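Read-outs throughout are calculated quantities, based only on the coordinates presented, and are distinct from any laboratory measurement. Given the structure is predicted, the values throughout are model-derived calculations rather than measurements. With ideal geometry, Cβ positions are generated from the backbone for all residues, glycine too; neighbour counts draw on all protein chains shown.
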Amino acid sequence: MSSTVSSLPLIALVDVNNFYVSCERLFNPSLAVRPVVVLSSNDGCIVARSDEAKALGFPMGDPWFRWRMLARRSGTIALSSNYELYGDMSRRIMRLASGFSDGQEIYSIDECFLSWHPFPSGRSATRTGEAIRADLERWTGLPVKIGLAGTRTLAKLATHWARTRPGSVLAWPELSPEEQAEILCRTPVSALWGIGPNRARRLGQDGIRNAADLVCCDPGRIADRFDRPLAQTVHELQGRPLFGSHSSPPPARQSILSSRSFGSPVTDPTLLADSLCVYMGRAAEKLRGDGASALTVGIWLENRQRGRSRPVREWRLQGLARPTSDSRSLIAVALDLLASLHEPGLPYTKSGVYLGDLVPAGAGSGNLFDHPDAIGREDRLSRLVDEIHRRFGPRGLGYGAGGLAHPPAWHPKRDFRSPAYTTDWHHLPLVRA
DNA sequence: TCTGGGGTCCTAGGACCC
DNA sequence: TCTGGGGTCCTAGGACCC
C-alpha cells in the first residue's frame, strides 16, 4: 500500500482520552498516577475512568454504590461531575481543532470530526494526524487520539485502535491490506459504531461475530434481515460514506431536554415547580443560543417504586399557538402542565422539561392578537437574563417559583466536586512561590 | 347482514450514541 | 438503600381518511 492518500475525501475523528478524568488531572497533579473515576449527576453512576481505574475493573455506566468498596480498597479517587470545567475545556479544544481542516462537526463534548474534501494528494494522513495531536496537547494539556479514514464508521474504528499506535494516531488508508484485515478480525461487532448489545446479539445468532464477518455481508441482505441503520454501517465499513455529507452544515438540533434526578425524593409541589423553573430557564437559554423557538413544550415527572426495575415516568405535552423562546412564557406553560400531572403525596425522584418542534426564531412568529411591542419586550428581557448569566453565572439572576434556598432542597448530590478552575475567579488555582 | 384496501400522520417506545 | 443526562433515528401500531 502506498504511504500517502490520493485525492479522496478524508475524515478524522479527534477524541480526548478519558475526557472528564483528563480535565480533572489538568488542575490537580496529585491525580496523575492514581486510579480516578468521575461520577454522573447525583453521584449516581461511573461515567469516566482513568486507565488505572479501567485496569482495576471499574465499568462504565454502573451505579457507584456497587463499586465504593473496591474504590476504598484500591485507593481510587472518585469525583463528582464538574460540568462547568468540562464544558469550558471542551469549548477551548473544539475551537482549536476547527482550525486544522475544511470542516468540523462537534459530535460530543469530547469528540469532533474534521474533514478534508479532498485531502491534499501527496500529504501523509498519519503525519497530519500526529501534528494535530501534538498541537492540541501542547495548547490544552489534554491527551487526544486520532483516527483517519474515508468514512466516519472507519474513522471511529481507527480511533479505537489508535491507542495501540506509538503516536496515538491511526490512518486507515495508510495501513497495508494485511494490517486492515487483522484489525477487522480482532474487532467484535459490538465495538463498532452503531452496534449495541441488541444488534450484536442478533448478528451473533447468524454467526457474524467480528468486523471481518460483517464487512463481507451484502448491505441489501442485512437491511432485509435486520434493519436499515445496520445496513448503513456495513456500507460505511466497506468504505462508502453515508453518514453526514462533507459539505453540508451540521444539522440543527430538533429538541432540547433539561432534567436532573433529585438529591432525595420530593413530594412538595412548590419544590417540583421550582425545579421545573430552573430546568426550563436553562432549556430556553439554550434555545435562544441556537437562534430557535419552540412550538411544543413538555414536562415529565419520575418516581421510582420498590420492586420495579424501571422508574415510572409520566409526560405532559402542550402545543403552542405561536413559536416562542421567551423564558417566562415557557415556564408558565410548564407550571400549567405540572398542575395537571402532579399527584399529591407521590414521592418524585426526577423531573424534566422538553422543548420540541424547534423552528428558526422569527419564523411564523406573531399573530393578529400579539402586540409587536410585547414580543420585543419579552425578547429583550430574556436576552438580558442571558447576558447576566454570562457575566455573573447562573446564580446571578434566575426564574423561581418557590425556593430561594441555596442549594435548593431538591438539588442533586455532588459530594466530591472539584472547583470551577477556569470559569470562576474564586476558584482560580493559587501558585505559591 | 354485509364490513376493502391503501395511504398518511402521529405517538410511544426501542436502540443506540457519548 | 443507593442506577445520568442529552441527544438522534427507526419502527410498530393506532387513528383517520377516501
Starting from 0 in steps of 10 Å, tell me what percent of the Cα-Cα pairs of chain A lands in each bin.
4, 17, 24, 27, 20, 8, 1, 0
In this model, which of A:K156/A:K350; A:K54/A:K413; A:K54/A:K286 are farther than 31 Å apart at the alpha-carbon?
A:K156/A:K350; A:K54/A:K286
Around A:Y348, which amide H atoms from residues at least 5 apart in sequence, or from another chain, sit under 5 Å from its own amide H, with H modelled in the peptide plane?
A:V266, A:T267
In terms of modelled amide H atoms, which long-range or inter-chain residues lie less than 5 Å from the amide H of A:C112?
A:V14, A:Y107
With θ taken as phi - 60° and the coefficients 6.51, -1.76 and 1.60, list the Karplus ³J(HN,Hα) couplings across segment A:156-167 in order, rounded to whole Hz; mark glycine and proline as x.
4, 4, 4, 5, 4, 8, 4, 4, 7, 9, x, x
Quick note on A:K350, A:K286, ordering by fewest other C-beta atoms within 10 Å, gives A:K286, A:K350
Could you derive backbone 3J(HN,Hα) for segment A:311-328 from the dihedral phi with the Karplus parameters 6.51, -1.76 and 1.60 (θ = phi - 60°), listing whole Hz in sequence and x where the residue is Gly or Pro?
x, 8, 10, 10, 10, 9, 10, 9, x, 9, 5, 9, x, 9, 10, 7, 4, 5
Let me spell out the model: positive unit charges on the Cβ of Lys and Arg, negative unit charges on the Cβ of Asp and Glu, origin at the Cα centre of chain A. What dipole size does that give, in debye rounded to 20?
1080 debye
So for segment A:1-90, what percent of the C-alpha to C-alpha distances run longer than 20 Å?
41 percent
What are the ³J(HN,Hα) couplings of segment A:38-51, residue after residue, when phi is run through the Karplus curve with 6.51, -1.76, 1.60 and θ = phi - 60°? Round to Hz, x for glycine and proline.
10, 9, 5, 3, 6, 6, x, 10, 7, 10, 7, 9, 6, 4
Folded to 0 to 90 degrees: helix A:83-97 orientation relative to chain A principal axis, Cα:
40 degrees
Ignoring everything except DSSP H segments at least 4 long, calculate the 222 nm mean residue ellipticity for chain A; use -39,500 (n - 2.57) per segment, divide by total residues, nearest 500.
-11500 deg cm²/dmol
From Cα pairs below 8 angstrom and at least 6 apart in sequence, can you work out the relative contact order of chain A, rounded to a whole percent?
16 percent
Long-range amide H contacts for A:F119: which residues qualify at under 5 Å (H placed 1.01 Å from N, peptide plane, sequence gap of 5 or more or a different chain)?
A:L8, A:L10
Of the beta bridges DSSP finds with both residues in segment A:83-192, what % are antiparallel, to the nearest 5?
60 percent
Considering every Cα-Cα pair within segment A:94-242, what fraction, in whole percent, is farther apart than 21 Å?
46 percent
